[in-house]
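Any read-out appearing in this document is the output of simple, stated calculations on the displayed coordinates, not a laboratory observation. This one's a predicted model, so the numbers in the text were calculated from it and none came from an experiment. Cβ: placed from backbone, ideal geometry, glycine included. Neighbour counts: every protein chain shown.
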Amino acid sequence: MISARVHPPAVVDVLHRARQVHANARMALKRLATGSEPHEQLEAVQTAVVFGVATTHVLQKLRGVVDGFDDWWAPWRAQLSADKLMRYLYELRSTILKEGGHDTDRVTDLGVLNLFEDLGDAPPGAQAVYIGTEGVGWIVRRDDGTHTEVPVVVPDNKVRVWLQFKDCPREHLGTRLHDVSVTDVCGLYLAFLDRILDDADTQPWNLRT
């Protein structure tokens with residue numbers, strides 16, 4: 001959102017930097033929605049969470065620039081603290097930075113799968129079919145007697161694999177959540193931050209004297 005209100009340069013600078021950080025989180029969310037490799041998805045979700053929380057940290061730089069910041073920030077801070085989903089992501093940021101964790105599970109959703117039709121012809125050395133968190137495919141015996149998994153790409157309506165937060169609260173702003181995939185949850189978080197940034201843009205900030 002581009003505000004029609006004209007702010008002092010010091011305020012514009014803080015708001016601009018907060019928007020830039022938030023944009024980094026948004027870019028990570030886009031990668032999360034399109035990334036196919038597990039390590040790419042994990043990197044994207046960590047980036048989205050860390051930069052999402054950083055958005056509020058940068059925004060609070062206004063405290064030293066304008067009068068009345070704490071009065072304006074208090075209701076937003078209360079919502080962030082009271083909402084279990086928002087608090088979960090805030091605490092997850094510390095887990096990511098301090099412990100290198102991500103608190104996610106890979107989930108596999110099986111539709112109506114016809115193994116013989118959807119998997120196609122078995123490759124040479126195929127011993128069995130596997131179905132797991134990474135999808136489906138063939139277990140193939142190598143010439144040296146060891147086995148390897150050969151994945152098969154099937155339509156999303158047959159097998160869908162996604163990342164889901166562990167122990168994630170299933171309520172946000174009084175609404176029950178049916179999907180706690182990392183893409184949806186991060187999307188809700190960044191949408192909430194959008195509201196905060198938009199509100200900050202419209203405030204009649206006066207420089208501290």
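In what sequence do LEU207, LEU190 fall when counting other Cβ within 10 Å, fewest first?
The order, fewest Cβ neighbours first, is LEU207, LEU190.
Given H placed 1.01 Å from N in the peptide plane, which residues other than close sequence neighbours of VAL66 have an amide H under 5 Å from its amide H?
ARG208
Return the distance in nm (one decimal) between the two label points of a simple spin-label model at LYS61 and GLN79, each offset 7 Å from Cα along Cα→Cβ.
For LYS61 paired with GLN79, the spin-label model returns 2.3 nm.
Around THR56, with a cut-off of 11 angstrom between Cβ atoms, what is the net charge of the other residues, counting Lys and Arg +1 and Asp and Glu -1?
Counting the neighbours of THR56, the net charge comes to +3.
Sort CYS186, CYS168 so the one with the fewest other Cβ atoms within 10 Å of its own Cβ comes first.
CYS168, CYS186
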